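Everything on this sheet refers to the single structure shown next.
The values are calculated or read from the model by the stated rules, or taken from the named source; none is laboratory data. Just so we're clear, the structure is a prediction, and the values are computed from it rather than from any experiment. Using ideal geometry, Cβ is built from the backbone for each residue, glycine included, and neighbour counts are taken over all protein chains shown.
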Amino acid sequence: MPHPIFHFIVSAVIAAFLWPSIGWFALLAFAGGFLIDLDHFFVYIARGKGLDFIKAYYFFLNREEEWVDELFVFHNIELVFLATIIPLYFPFLLACSAAYIAHQIMDLINERFIERITPKQISITLFLLKGGSAKKQ
Ligand SMILES: [Zn+2]
């Protein structure tokens with residue numbers, strides 16, 4: 001996972017760029033580009049590691065354990081597809097979608113070229129078809 005500050009900066013740039021055209025809705029860039037990493041905290045809780053947000057933050061930042069098999073509910077190909085389509089019907093969500101797609105691209109670059117890992121659960125549909133378990137691959 002890239003350091004969250006990079007997601008925050010890119011979200012801020014997208015919000016600033018879109019502010020003149022969509023106004024306050026531009027702040028949704030922070031939801032789509034920054035807050036979506038909260039799903040890491042959900043995985044942390046689901047693993048029974050507790051509710052300490054700071055520990056969870058360092059757990060993923062320092063890769064204390066391998067987590068490539070986990071499903072991160074806000075990081076999947078279906079949401080990328082939705083983020084591409086939704087602004088066509090709801091233009092005020094453009095900042096949220098653009099920041100979301102930028103976030104996914106940053107994560108992809110980080111995973112492929114920096115951390116050199118391959119997350120296995122990139123589709124929530126395939127995950128559910130396999131019975132909702134990362135163990136059944
Ligand atoms: Zn992410």
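Figures for the structure shown
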{"item": "Residue tally, condition surrounded by fewer than 16 Cβ atoms within 10 Å (Cβ to Cβ), within 16 Å of the ligand (Cβ to nearest atom) and more than 25 Å from P87 (Cα to Cα), over the range 35-48", "result": "1"}
{"item": "Any chance Y44 is among the hydroxyl-bearing types (S, T, Y), within 17 Å of the chain's Cα centre (by Cα) and within 20 Å of E115 (Cα to Cα)", "result": "yes"}
{"item": "Per-region count, the range 120-137, residues surrounded by fewer than 17 Cβ atoms within 10 Å (Cβ to Cβ) and either assigned to a loop (DSSP other than H, G, I, E, B) or at pLDDT 95 or above (or both)", "result": "10"}
{"item": "Enumeration of residues in the range 56-90 that are loosely packed, with under 12 Cβ neighbours inside 10 Å and closer than 24 Å to V13 by Cβ", "result": "F81, I85, L88"}
{"item": "Selected residue (criterion: modelled with the lowest pLDDT) from residues of the range 1-34 that are within 15 Å of the ligand (Cβ to nearest atom) and surrounded by fewer than 18 Cβ atoms within 10 Å (Cβ to Cβ)", "result": "P2"}
{"item": "Among (1) within 19 Å of L94 (Cα to Cα); (2) modelled with pLDDT under 95; (3) over 16 Å from the mean Cα position of the chain (by Cα), the one test that F59 misses", "result": "(1)"}
{"item": "Test: D69 is in contact (Cβ under 8 Å) with a residue 60 or more places away in the chain, more than 13 Å from the ligand (Cβ to nearest atom) and over 18 Å from L28 (Cα atoms)", "result": "yes"}
{"item": "Test: residue in the range 93-101 that is within 16 Å of the ligand (Cβ to nearest atom) and surrounded by fewer than 13 Cβ atoms within 10 Å (Cβ to Cβ)", "result": "no"}
